[in-house]
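Quick notes on the structure that follows.
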Amino acid sequence: MSQADKEDTSVHSSVPKGDSTVVTTQNADDVLLAELGYKSEFSREFSLMETVAFAFSIMGVVASVAGTYEFPVAAGGHVGMIWGWLIPSFFVMAVAASLAELVSSMPTSAGLYYWSAKLAPPEYSALASWITGWANVTGQVSLVCSIDYGCAQMITTAITVGSDGAIVPSKGATYGILLAILFSHGIICSAATQILARVNLFYAAVNMGATVAAFIALMICSRGNGVSAKDAFALFENNTGWKSNGWAFCMAFTAPMWTLTGYDSAAHISEETNGAARTAPIAIIAGVAGTEILGLFLYIAASFATSSPAEILKSDFALTMGQLYLDVLGKRGMLAIWSVTIVVQVVTGAAQGVDASRVVFAFARDNALPGSRWWKQMNPHTRTPVNAVWFVMAGAAACGLLGFSAAALSSLAGASVIGLYISYAAPIFLRITSGRSKFVPGPFHLGWWYMPIGIVSVSWVAFMVVLLLFPTAQAVRAPGMNYAVVVIVGMFVFASLYWVVSARRWFHGPISNLTAVDSQPSMDEKTL
């Protein structure tokens, strides 16, 4: 019996006659969640539209493009901006489709590490769950830091432009702004699910409106001063220092890969979603598709407006896109668009904070984090994991200390993408190997296409993990090195040592919380 059949059966067998459609759906969701081993603790407030808005908002198109614009400009110039975005979009959609199929089958906030546990061979189930979970938690927390630090850099750029260069905030001031942003996000993310669901409609509207405004402004104001259509789509410039133009062009992929992350958020709020088995996969596909389309249009506009990639890379701004807006729109126009971009980055960080807190809560619910008894607690007033929210903000603040080194900060952004995509690839790989006979399709499934799409997804992630470990330029010194490998290897070393020394004796993967007493001891009751 498929999950869709189970869901339909649950509706008819568990819902009292006369209940509304929403209540009927919620009861069916709770029954399905119980079949997965968990009791319902959240309030199911996210509708289809709000879940799509959440998945879309977490990628923050206009702000993410502003934060990563310099990478495709250096890696391929105009070709890097347009084709460096378009090509990865097809592969990312394959990953998204694979994850959508998985969440439709097993809609729980545990998400990726739960899927790995259920699809891995029994003898490796706990280990697969452990590695996937730690990779996802690391990626989630570091992504919160990357987004909010990018927001702090946007604010400092606005201050510099507004003061005509008289004020250039220091790294210490930037870190102070980061802490203020994280604190505000902690308050927002601690709100009740009903509030978070409604505010995401505002997030999506601002995100889309700002992207359209930036596109129109760049296209109109660059007329006569930009480049021809031929150059905008076909002029290649290698400013990376890599001798191989092909490899240099691949470096442009870092921009869309950083932007197109976090769409697994629809899975992590599935316990707060109505009709999660159908709603969450739609949200993943729609969120990624919307971001890819708007991002492509924005990069097309940026390509037309960029008269000289080599010259704009000489900018002293923390974010090179600010220089493009200043050159094309002037001071007032730049500050207007930049202000809206900052707002988008703020709401993107808030959405990511919610996502990361749900991952921490779920992993702690299965007693896999130090202090799990604290992080899995639900606030009785908001019915949200407030402690987990502040765990994420504290972790992001600690990561933000890397901002005092430009190379370390850039490496953290790469490490967040690597961590997340490793956690994406793990259950997909298990789905097309050991999990083929175990997988029970949900309402959304890929049919026989799951195999070729899964192979493409895993192969793409493997390629991008290697790519993201390389520095963006061939001849580099210590300040320009890519230290993402240090972060990623450090995480895997920690998780592996913890597994060998302690966790392998007590962590057996996801555990049911349907009974009053957990059947598995908590990690914080253990000692190394």
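Counting each DSSP H run of 4 or more residues in the chain as -39500 (n - 2.57), what helix-only mean residue ellipticity at 222 nm follows after dividing by all residues, to the nearest 500 deg cm²/dmol?
After summing the helix terms and dividing by the residues of the chain, the value is -23000 deg cm²/dmol.
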Starting from the Cα gyration tensor of region 353-460, take the square roots of the eigenvalues, sort them a ≥ b ≥ c, and report rounded, prolate or oblate (rounded when a/c is under 1.5, otherwise prolate if a/b is larger than b/c, else oblate).
oblate
Once fully extended, how much extra length lies between ASP164 and VAL493, figured as 0.36 nm per residue of separation less the alpha-carbon to alpha-carbon distance?
113.8 nm
What is the distance in Å between the Cα centres of region 377-454 and region 181-197?
20 Å
Let a ≥ b ≥ c be the square roots of the eigenvalues of the Cα gyration tensor of region 148-233; is it rounded (a/c under 1.5), or, if not, prolate (a/b larger than b/c) or oblate?
oblate
Förster radius 25 Å - calculated FRET efficiency between MET49 and ILE220, Cβ distance, rounded to 0.05:
0.20
Taking a probe of 1.4 angstrom, what is the accessible area of HIS445 in Å², to the nearest 10?
100 Å²
Carbon plus sulfur, as percent of the 1.4 Å-probe accessible area of region 240-351, comes to 63 percent
ILE488, ILE285, reordered so the largest accessible area comes first (probe 1.4 Å):
ILE285, ILE488
Label of the coordinate-derived value, volume of the Cα convex hull per residue in Å³, listed as (i) 175; (ii) 184; (iii) 142
(iii)
Return the long-range amide H neighbours of GLY60 (sequence gap of 5 or more, or a different chain), with a cut-off of under 5 Å between placed amide H atoms.
none
For a quick check of understanding: with a 1.4 angstrom probe and all protein chains in place, what accessible area in square angstrom does LEU468 have, to the nearest ten?
20 Å²
Backbone HN-Hα couplings from phi across region 201-211 [Karplus 6.51/-1.76/1.60, Hz, Gly and Pro as x]:
5, 5, 3, 5, 5, 5, 4, 5, x, 5, 5
Output ³J(HN,Hα) for region 189-196: one whole-Hz value per residue in order, computed from phi by the Karplus curve 6.51 cos²θ - 1.76 cosθ + 1.60 with θ = phi - 60°, and x for Gly and Pro.
6, 7, 5, 5, 4, 4, 5, 4
Rel. contact order, % - alpha carbon contacts under 8 angstrom, at least six apart, region 348-408:
28 percent
Tell me whether region 199-260 comes out rounded, prolate or oblate; compute the Cα gyration tensor, take square roots of the eigenvalues as a ≥ b ≥ c, and use a/c under 1.5 as the rounded threshold.
oblate
Before anything else, pin down the relative contact order of the chain: Cα pairs under 8 Å, at least 6 apart, normalised by residue count, whole percent.
32 percent
Working out 0.36 nm times the residue gap between SER459 and LEU514, then minus their Cα-Cα distance, what length gain in nm do you get to one decimal?
16.0 nm
Along region 117-132, what does the Karplus equation 6.51 cos²θ - 1.76 cosθ + 1.60 (θ = phi - 60°) give for ³J(HN,Hα), rounded to whole Hz, x for Gly and Pro?
5, 7, 9, 7, x, x, 5, 10, 4, 5, 5, 4, 5, 4, 5, 4
At 1.4 Å probe size, with every protein chain present, just tell me what the per residue accessible area of the chain comes to in Å².
37 Å²
Order the following by accessible area, largest value first: ILE422, ILE428. Probe radius 1.4 Å; ligands, DNA and RNA are ignored.
ILE422, ILE428
For SER416, SER43, SER405, the accessible-area ranking with a 1.4 Å probe, largest leading, is SER405, SER43, SER416
SASA check, PHE404, accessible area w/ 1.4 Å probe, all protein chains in place, rounded to nearest 10 Å², comes out at 100 Å²
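The values are calculated or read from the model by the stated rules, or taken from the named source; none is laboratory data. Everything numeric in this text was worked out from a predicted model, so none of it was measured. Glycine also receives a Cβ, built like all others from the backbone with ideal geometry; neighbour counts cover every protein chain displayed. We work out accessible area using only protein heavy atoms, side chains counted, and drop any ligands, DNA or RNA first. Shrake-Rupley method; radii C 1.70, N 1.55, O 1.52, S 1.80 Å.
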